[in-house]
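Below is one structure, written out as structure tokens; comments come after it.
The values are calculated or read from the model by the stated rules, or taken from the named source; none is laboratory data. On a predicted model such as this, the values are computed, not experimentally measured, just so you know. Every residue, glycine among them, receives a Cβ derived from its backbone with ideal geometry; neighbour counts consider all protein chains shown.
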Amino acid sequence: DRSSAFLGQGPSPLPGMLRGIDTLVAGGADCIAIPCNTAHLLFDELQAASPTRLLHIVEAVVEDLRRQGVTGGKVGIL
């Protein structure tokens with residue numbers, strides 16, 4: 001469970017996630033999406049070690065909202 005690792009109570013998921021990135025890149029991935037909110041706590045480390053672009057879910061949502069013309073106000077992300 002990644003949550004326990006981030007609370008200092010379990011092993012880091014970073015090595016396994018890095019192996020996953022290697023597997024996806026070897027399979028030809030040009031971009032990798034990380035659909036887990038908690039895993040984004042490691043986003044900077046993952047991106048630094050990745051030879052390909054990682055898609056940050058919050059940044060992707062913001063980009064899409066801008067494309068749709070959503071400006072100002074509050075936006076909730078579920």
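So, in the stretch 1-29, of the ones that are surrounded by 12 or more Cβ atoms within 10 Å (Cβ to Cβ) and closer than 20 Å to ILE77 by Cβ, which residue ends up modelled with the highest pLDDT?
Per the stated criteria, the residue is PHE6.
Could you count how many residues in the stretch 30-60 are farther than 30 Å from VAL75 by Cα, surrounded by 15 or more Cβ atoms within 10 Å (Cβ to Cβ) and of a type in the set (A, V, I, L, M)?
0
Going by the structure shown, is ILE57 under 12 Å from the mean Cα position of the chain (by Cα) and at pLDDT below 95?
Against the criterion (under 12 Å from the mean Cα position of the chain (by Cα) and at pLDDT below 95), ILE57 qualifies.
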